[in-house]
Amino acid sequence: MSIYSVSDFLTTTTYKGETVIDVFKKIDIPDDLYEIGYYEEYIIKEGDRWDRLSNTNYGTPYLWWLLASYNKFIDPFTALIVGEKIKIIRPELISNLLLNLKGYLK
């Protein structure tokens, strides 16, 4: 599987002379990718973070942004709540999702 980072999907802009990622660009994942069978439910445990969940499930911490987006977290930097359920995209479906993701940007 190729590794994609959030910068592969979002545009950049210049802010105060620096090139930065345009965080206002939205990744719109189609409703059919939320059907049962596309993901596994996971209950957040103490110490879980998006990058750790990405590493555990996909072998890389760099897909944290996809997990946060898939779970419709507006601010992925807030702490995850222990006991809360989230959806983990099945690892065997990640490559296909990433290959088609550019069409989901708004």
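The values are calculated or read from the model by the stated rules, or taken from the named source; none is laboratory data. Everything quoted here is computed from the prediction, not taken from an experiment. FYI the Cβ positions are ideal-geometry reconstructions off the backbone, even for glycines, and counts take in every protein chain you see.
Exactly one residue out of Y42, Y62, Y38, Y34 is within 17 Å of S95 (Cβ to Cβ) and in contact with a strand residue (DSSP E or B) (Cβ under 8 Å, 6 or more places away or on another chain), and it is Y38.
Screening the stretch 38-64 for residues that are among the small types (G, A, S) and touching a helix residue (DSSP H, G or I) at 6+ places or on another chain (Cβ under 9 Å) and picking the one that is surrounded by the fewest Cβ atoms within 10 Å (Cβ to Cβ) gives G59.
Would you please name the residue that is modelled with the highest pLDDT, looking only at residues in the stretch 21-51 that are assigned to a helix (DSSP H, G or I) and either under 16 Å from K85 (Cα atoms) or among the aliphatic types (A, V, I, L, M) (or both)?
Filtering first and then ranking leaves W50.
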